[in-house]
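The block underneath contains the structure these notes are about, expressed in structure tokens.
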Amino acid sequence: MRIVGFVRFFEKIPSNFYRGEMSAEAAGITAMLYTLNHLAWHLWERNSSDPLIDALNQRAEALKAYAALHEEGSAIFRAID
């Protein structure tokens, strides 16, 4: 699903001091990258050999590859830095 139009989101991420505006799609990619990272770390704290950790990391890397080609890729990477 892709949200199109003039919808813009203002992102403020206190943990890395990011502030900026991005499209709904870029905001969704950013949120998903944070979610995948959080889940992987949460699983690792419980059981560092859980195979789901690798699966989550692979999906995060695939999404980062997509984000690198996205027109707002630089904003996405600044937001997750």
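Couple of notes before you dig in:
- Selected residue (criterion: farthest from residue 22 (Cα to Cα)) from residues of region 57-81 that are open to solvent by less than 40 Å² (accessible area, probe 1.4 Å) and within 12 Å of the chain's Cα centre (by Cα): 60
- Count of residues meeting criterion [within 15 Å of residue 59 (Cα to Cα) and open to solvent by 20 Å² or more (accessible area, probe 1.4 Å)] in region 21-35: 5
- Pairs linking a residue in region 7-29 that is in contact (Cβ under 8 Å) with a residue 12 or more places away in the chain and among the polar types (S, T, N, Q) to a residue that is in a strand (DSSP E or B) and surrounded by fewer than 18 Cβ atoms within 10 Å (Cβ to Cβ), with Cβ atoms under 8 Å and 6 or more positions apart or on different chains, are 23/8; 23/9.
- When the criteria are applied in full, residue 39 fails the requirement of being open to solvent by 30 Å² or more (accessible area, probe 1.4 Å), more than 13 Å from residue 80 (Cα to Cα) and without any contact (Cβ under 8 Å) to a residue 12 or more places away in the chain.
The values are calculated or read from the model by the stated rules, or taken from the named source; none is laboratory data. Everything numeric here is computed off the predicted structure, so don't read it as measured data. When we count neighbours, we look across all protein chains shown, and the Cβ atoms used for this are built from the backbone with ideal geometry, even at glycine. The area values use the complete protein model at the heavy-atom level, side chains included, leaving out ligands, DNA and RNA. Shrake-Rupley method; radii C 1.70, N 1.55, O 1.52, S 1.80 Å.
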